[in-house]
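Below is one structure, written out as structure tokens, with a few remarks after it.
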Amino acid sequence: MTNPEAEKTDKMLFKSEQEIYEAIVPADHPFRRLGKIVNFVDLVAPLSACYSDLGAEGIPLETGFKMLLVQFWEDYSDRQNEKAVRENLAVRWFCGFGLLDQTPDHSYFGKLRKRIGTQRLADLFNAVNAILANHGLFGNMFTFIDASSIITKTALWEERDKAIKLGEEKFNNSNVEKYAADKEARWGAKSKKKFWFGYKRHAAVDMRHGLIKKLAVTSADVLDYETVKNICPKQGMVFMDKLFDCKEADKWVAANGCFTATIRKRNNRRKNKDLDCWRSSIRMPFEGTFSKQRKRAKYRGRLKVTFQCFFEAIAFNLKKALRHISQSPMRVPA
């Protein structure tokens, strides 16, 4: 007489890895849907320049990039990401590991980030946006430009005490690089009561679906309007707040062939309260794009913080894309 439960167990044991993953990872899982939008093999092909053809074969580029994407998708530390790749079956499947394959330890992620570098990642960010543009997710009509704070991984109490001990009368942006662990971070302020030590994330957000289309990172002491020339779009209307109400910002917007929709300061003769109220109402739904970005730096140094911001923007845009593509017919990329 046969035992039904034993037969069921035996059948499970003889299933292939692919069948097991098919049974465990739901069809509507975000990682499955992501694979239908992005061809990761083609996306990471430019990264092949980071590697030599000589020596032993390592972890595939596609797998490495996907592991970093998971890290920023879930806001994991390197050690948390190591555990997720090793223990989470959906992550193992997405990254391309078999059930019995050995996964890398946490040191791998730092080496891979260094190998990719900020410029190559910026190119990948633009490539991802090009894919999403083919799905009709960018409007290129209205753009919202703003800046948000990033607090660095540095406590300044010991540094301040050292500066005072060495005879410094003040501990400020003029001498902080002599003492701080993060030499490129600076103090910044939004008002007399809101200030921080670190960096600024400057972003241009497309106002069709709230996707980030341009990005720059500076030390916190750089004024918001000074980066408009770097992230301004090439067409449409640009919405900005009062901190951008100056001749320089207006000049850079006009030079890019765009129209200015800046909320004017009270002492500006061109201020129109009704017009500014309309501008505020138009941009309000997209202010959450800045509030949802990570407020603390994972790393030290502007280049590393810029790398963090670009990967966070990639993860943010892809999450948004899954939401909107599922609600509308999918376009076939050109």
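The values are calculated or read from the model by the stated rules, or taken from the named source; none is laboratory data. In this text, all values refer to a predicted model and were calculated from it rather than measured experimentally. Here the Cβ is made from the backbone with ideal geometry for all residues, glycine too, and neighbour counts use every protein chain on show.
What to note about this one:
- With a requirement of 3 or more residues that are within 24 Å of the chain's Cα centre (by Cα) and surrounded by 13 or more Cβ atoms within 10 Å (Cβ to Cβ), the helices (runs of 4 or more DSSP H) lying completely within region 228-288 that satisfy it span 228-231.
- Members of region 149-193 that are in contact (Cβ under 8 Å) with a residue 40 or more places away in the chain and not polar (S, T, N, Q): Ile150, Ile151, Lys153, Leu156, Ala181, Asp182, Lys183, Glu184, Ala185, Lys190
- When residues in region 168-187 are screened for being outside any loop (DSSP other than H, G, I, E, B) and loosely packed, with under 13 Cβ neighbours inside 10 Å, 0 of them pass.
- Only a single criterion out of (1) farther than 25 Å from Arg294 by Cβ; (2) surrounded by 14 or more Cβ atoms within 10 Å (Cβ to Cβ) is not satisfied by Gln102, namely (2).
- Matching residues in region 20-33 - criterion: being under 20 Å from Gly98 (Cβ atoms) and either under 19 Å from the mean Cα position of the chain (by Cα) or not assigned by TED's automatic domain parsing to the domain that holds Thr63 (or both): Phe31
Rundown of residues vs (1) out of contact with any Pro (no Cβ under 7 Å at 6 or more places or on another chain); (2) without any contact (Cβ under 8 Å) to a residue 60 or more places away in the chain; (3) part of a loop (DSSP other than H, G, I, E, B), yes/no style:
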| position | (1), (2), (3) |
| --- | --- |
| Arg79 | yes, yes, no |
| Ala84 | yes, yes, no |
| Ala90 | yes, no, no |
| Leu100 | yes, yes, yes |
| Asp105 | yes, yes, yes |
| Tyr108 | yes, yes, no |
| Arg113 | yes, no, no |
| Ile116 | yes, no, no |
| Val128 | yes, no, no |
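- Apart from one condition, Leu322 fits all of (1) in contact with a strand residue (DSSP E or B) (Cβ under 6 Å, 6 or more places away or on another chain); (2) within 30 Å of Arg113 (Cβ to Cβ); (3) among the hydrophobic types (A, V, I, L, M, F, W, C); the exception is (1).
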